[in-house]
Ligand SMILES: CC(C)(COP(=O)(O)OP(=O)(O)OC[C@H]1O[C@@H](n2cnc3c(N)ncnc32)[C@H](O)[C@@H]1OP(=O)(O)O)[C@@H](O)C(=O)NCCC(=O)NCCS
């Protein structure tokens, strides 16, 4: 558990100004307009490939989960998901593992999919990897007659909440104090997240696939 606590101090975001890797507490926000000069030139074409994760990838997935969320057992939607057993997608950027999306099919309802983990390594952020992972999950879900994708995030993770709303997700519910309680179970009571904001509440967002053909 001591090592897991250290996870909070490992880099999870990349500074969009100086490219330094930053841990959760070290992040700060600033506003920019959507002009290319301020928004940043996207490196195109992006050599991103998304595939199902195999046994070798799972070792990297578990390492990413420890780095981002200090655990490989993730609390969300009132459940605990052991990443050693969940299905997942891997994104490669120019042949290197750049990000992971772990999901639970038929959860919480038969026609729903829950994203259990979404993480893009800091050096690959802002290049479309997260968007590609989410798009691949949608493409995978549609033929299986899944109608909604759900994601749980926490109150502090403003960049994550922005990211999902850019991708068409809407807020579904707020569970006040849920994340705070989960942190106690993890032996990390009172942990702080993005920008040093106390991690307290769980927010669930949903994307209705019928509305986003
Ligand atoms: C949030 C995260 C998954 C985004 O992945 P990414 O590969 O950097 O995102 P993309 O390059 O695909 O960008 C997709 C959209 O999200 C926005 N975005 C990208 N990086 C972002 C960041 N660091 N913060 C906020 N929004 C960001 C972009 O504006 C982009 O939209 P636009 O191009 O239409 O403006 C990634 O930053 C990450 O792993 N963060 C830490 C873990 C986390 O928060 N996971 C999700 C919450 S549970």
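Values as computed for the structure displayed
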quantity	calculated
Rule-of-thumb Rg ratio for segment 41-116 [Cα; 2.2 N^0.38 Å; N residues]	1.20
Value of [θ]222 nm, deg cm²/dmol, for the chain, DSSP H segments ≥ 4, -39500 (n - 2.57) each, nearest 500	-7000 deg cm²/dmol
Percentage relative contact order, segment 31-181, counting C-alpha pairs under 8 Å, at least six apart	19 percent
Per-q log10 I(q)/I(0), segment 82-165, q = 0.19, 0.21, 0.24, 0.25 Å⁻¹ (Debye; single scatterer per alpha-carbon; no solvent)	-0.88, -1.05, -1.28, -1.34
Compactness index (Cα Rg / 2.2 N^0.38 Å), segment 2-208	0.98
Relative contact order of segment 95-160, pairs being alpha-carbon contacts under 8 Å that are 6 or more residues apart, as %	34 percent
Cα→Cβ-extended label distance, 7 Å offset, between residue 142 and residue 56, nm	3.1 nm
Residue-span extension gain [residue 109 to residue 15] - 0.36 nm each, minus C-alpha spacing	30.1 nm
Contour minus Cα-Cα distance for residue 49 and residue 171 (0.36 nm per residue)	41.0 nm
Nitroxide proxy distance, nm - points 7 Å out along Cα→Cβ at residue 39 and residue 184	4.4 nm
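Only the coordinates and a few stated rules stand behind these numbers; no lab work does. Here the structure is a predicted model, which is why all the values come from computation and not from measurement. Positions of Cβ are backbone-derived with ideal geometry, glycine not excepted, and every protein chain shown enters the neighbour counts.
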